[in-house]
Structures are given as C-alpha cells and as structure tokens.
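These notes are about the structure you will find just below.
The values are calculated or read from the model by the stated rules, or taken from the named source; none is laboratory data. Keep in mind that what you see is a predicted model, and the values were worked out from it rather than measured. Cβ: placed from backbone, ideal geometry, glycine included. Neighbour counts: every protein chain shown. When the accessible area is computed, the model is the full protein with side chains, heavy atoms only, and any ligands, DNA or RNA have been set aside. Shrake-Rupley method; radii C 1.70, N 1.55, O 1.52, S 1.80 Å.
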Amino acid sequence: MAKSTKLGGIVVYRFFDQPQLNTSKNSLTSSELIVFKNKDNRWKKCKNVNREILLNLVRSIGPDFRTKLPSVSINCSQNQFIDPLISDALISLQHQIFPLYLRVELTTNKSINRQINALVAQAENYRQHGIQISIDGADQITNLHVLMPLLEQTREIKFMIHKDTNPQLIKFWQIVTRKKHLRYIVYNVSTREENNILYNFTIPFRQGTYYGLGHELSM
C-alpha cells in the first residue's frame, strides 16, 4: 500500500496510478504512479513535484504494495534522478516490490548536456539493481546527439502528444526507437483524433485519459 504525504494532518499529496496499454494485444502492460495534490477537496495532477514530496511518497510505499501488472513507473526530473537520497529510496523500493519491476522515467531538460555523464552513471547504477530506465518527454528533446550515450541504458522512450503536436515528430521518434530496439509509448492521449493518429502510425503502446482516468492508490 502507498501512504499519503500530510500537511497539518491533512492529506495533501498522493500517488494515483494510470495504466499503459498495448492496443495490439488489448492488454495492460504497466502503470505509472503520478503525483496528485488535494486542492479545495479535489485531487489534481501536479505539474511539478519537488524533491521532498517525491522522496516522502516513494518512501511511503509499503511492503504490501501489489499490482497484477509486471511493472510500475515513477517519474523523476534530472536532479531527482541523480539525487542520492531519492536514488537510494528507489533502489530500496525495487528490492521491496521484486519480482515486480520498477521503471524510473527520466524527464530531461535543457541542462542535459552538463549532466549527461552523471545521468549515464546513475542509469547504470539503477540497472544493476534491476530498475529499468525510461526517457520521458521526447517531444521536448531537440538534440538527439547529446542523448545518445543515455539511450544505451534505456529501455523505452515516452512521447507526450497534444493538440498541436506535429504528427511527423511522432513518426521521427518511432523511427529512432525502432532503430534502437526500444519500446515507444505515446502518452497524454485525450481525444479520438489523437488515438486515430497512433492507429495510423501503428503505435500500440499508449497512455492517457482517453483510455481511463488515474486511480487513487489503495490505502
């Protein structure tokens, strides 16, 4: 089970899980633990999660946490990805939930060129403990060359689709992932039009509110 982060006795932050689908097999493949904040008695997805909140939520996942899916993922910023306390908490979580696999989703930013060596080293450290690495937000990556050393440690690429997305950019990353033999997930799918684009490109792995809302983790 996963506990919540409280402030003054009030539950403020909590993990919700959102499934990832393989539409070619009509099955669920994994779930992502997404941080929500309670505001005005309504749970809303957090756009940014600071170090303390993420660390507390990861540590709050109890030994009885279970899912029927083979893996679960948690998103980190670049600084969180290489943070010693967060990495220790993630590694402890992987050992705790094994044989379930933990996947760490790394959201990159413009400072990746300065941090690439530390990111690659930490990715290898995670992998040695059985944690899989995912690169999130491929739609924001403008320099593929800088990312190449990290791709060797990566299992999947995630691309966020939205109403203004150029379909050719989706296709570009599909080509990259095929060449690198990586799993390719398009997420944030919220409309039938976006879903149809993925069908046209034969992209089976998807995630988003179009396929269902995230569910609050059992307490």
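Okay, residues lined up against (1) within 16 Å of the chain's Cα centre (by Cα); (2) open to solvent by 20 Å² or more (accessible area, probe 1.4 Å):
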residue: P19; (1), (2): yes, yes
residue: N56; (1), (2): no, yes
residue: I74; (1), (2): yes, no
residue: L85; (1), (2): no, yes
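Out of everything in segment 25-54 that is under 23 Å from I133 (Cβ atoms) and outside any strand (DSSP E or B), what residue ends up being most open to solvent (accessible area, probe 1.4 Å)?
Here the answer is K47.
Scan segment 94-111 for residues that are assigned to a helix (DSSP H, G or I) and open to solvent by less than 30 Å² (accessible area, probe 1.4 Å) and jot them down. Working first, answer last.
In the first step, residues of segment 94-111 are kept if they are assigned to a helix (DSSP H, G or I); the result is 94-97.
Those that are assigned to a helix (DSSP H, G or I) and open to solvent by less than 30 Å² (accessible area, probe 1.4 Å): Q94, I97.
Is one or more of the residues making up segment 155-162 open to solvent by 10 Å² or more (accessible area, probe 1.4 Å), in a loop (DSSP other than H, G, I, E, B), basic (K, R) and under 25 Å from A89 (Cα atoms)? Walk me through it before giving the result.
First pass over segment 155-162, keeping only residues open to solvent by 10 Å² or more (accessible area, probe 1.4 Å): 155, 160, 162.
Still in the list and also in a loop (DSSP other than H, G, I, E, B): 155, 162.
So of that shortlist, the ones also basic (K, R) come out as 155.
Keeping just the survivors that are under 25 Å from A89 (Cα atoms) gives 155.
Scanning segment 155-162 turns up at least one residue that is open to solvent by 10 Å² or more (accessible area, probe 1.4 Å), in a loop (DSSP other than H, G, I, E, B), basic (K, R) and under 25 Å from A89 (Cα atoms).
Hey, any hits in segment 112-127 for a residue that's closer than 25 Å to F81 by Cβ, part of a loop (DSSP other than H, G, I, E, B) and touching a residue at least 12 places away in the same chain (Cβ under 8 Å)? Walk me through how you get there before you give the answer.
Taking segment 112-127 first, the residues closer than 25 Å to F81 by Cβ are 112-127.
Filter again for part of a loop (DSSP other than H, G, I, E, B), leaving none.
No - not one qualifying residue is present in segment 112-127.
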